[in-house]
């Protein structure tokens, strides 16, 4: 046995790995376009109000631009959160990192873990995914939209089934 072989055996290769991030529909060019449009509208308003002698309105127009900028800044800051899901034959590992950078990690035995889906009764969309291992329950993929959550749930269910099958069992399809 070679010296590096023991380390290679200790870490199982992943059957499934995913990093889930919140969706943000507007990128940097869109942000610049929106802020430019807001600033231009407020500048036109500032010129009009100054021309008619209502100059005390100017600070409020500037405050409007500042509040919109701060709202976008908070939105982009919250986009730094993510969830990491890794399934190996012996372990299901979930790591959630908040936008602050605080991380929490959960480990489940894939043989005893099941994935449950909460569905909307009217249209059948997946509203939530929960990992259940007896006494422990964990909601995952909370910031994914229902369509993406459903696809992720199918892929994770397939990986859990593969992990439960084990490496020595053959698959008959």
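The values are calculated or read from the model by the stated rules, or taken from the named source; none is laboratory data. Everything numeric in this text was worked out from a predicted model, so none of it was measured. Backbone-built Cβ (ideal geometry, glycine too); neighbour counts: all protein chains shown.
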**Fill in**
A careful count of residues in the stretch 141-165 that are in contact (Cβ under 8 Å) with a residue 60 or more places away in the chain and outside any helix (DSSP H, G or I) gives 4
**Message:** Quick check on my filter: what residues within the stretch 20-51 are over 27 Å from residue 148 (Cα atoms) and surrounded by 12 or more Cβ atoms within 10 Å (Cβ to Cβ)?
**Reply:** 34, 35, 38, 39, 41, 42, 43, 45, 46, 49, 50
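Restricting to the stretch 91-119, and then to whatever is assigned to a loop (DSSP other than H, G, I, E, B) and touching a helix residue (DSSP H, G or I) at 6+ places or on another chain (Cβ under 8 Å), can you tell me which residue is farthest from residue 161 (Cα to Cα)?
99
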**Request:** Would you confirm whether any residue within the stretch 17-31 is within 30 Å of residue 111 (Cα to Cα), in contact with a helix residue (DSSP H, G or I) (Cβ under 6 Å, 6 or more places away or on another chain) and not in a helix (DSSP H, G or I)?
**Result:** no
**Request:** Considering (1) surrounded by 13 or more Cβ atoms within 10 Å (Cβ to Cβ); (2) at pLDDT 95 or above; (3) in a helix (DSSP H, G or I), say which one residue 67 fails and leave the rest.
**Result:** (1)
**Prompt:** What about residue 91, is it touching a strand residue (DSSP E or B) at 6+ places or on another chain (Cβ under 8 Å) and modelled with pLDDT of 95 or more?
**Reply:** no
**Message:** Restricting to the stretch 139-155, give me the number of residues that are within 15 Å of the chain's Cα centre (by Cα) and under 17 Å from residue 93 (Cβ atoms).
**Reply:** 4
**Message:** Against the condition surrounded by 15 or more Cβ atoms within 10 Å (Cβ to Cβ) and modelled with pLDDT under 90, how does residue 12 come out, does it pass?
**Reply:** yes
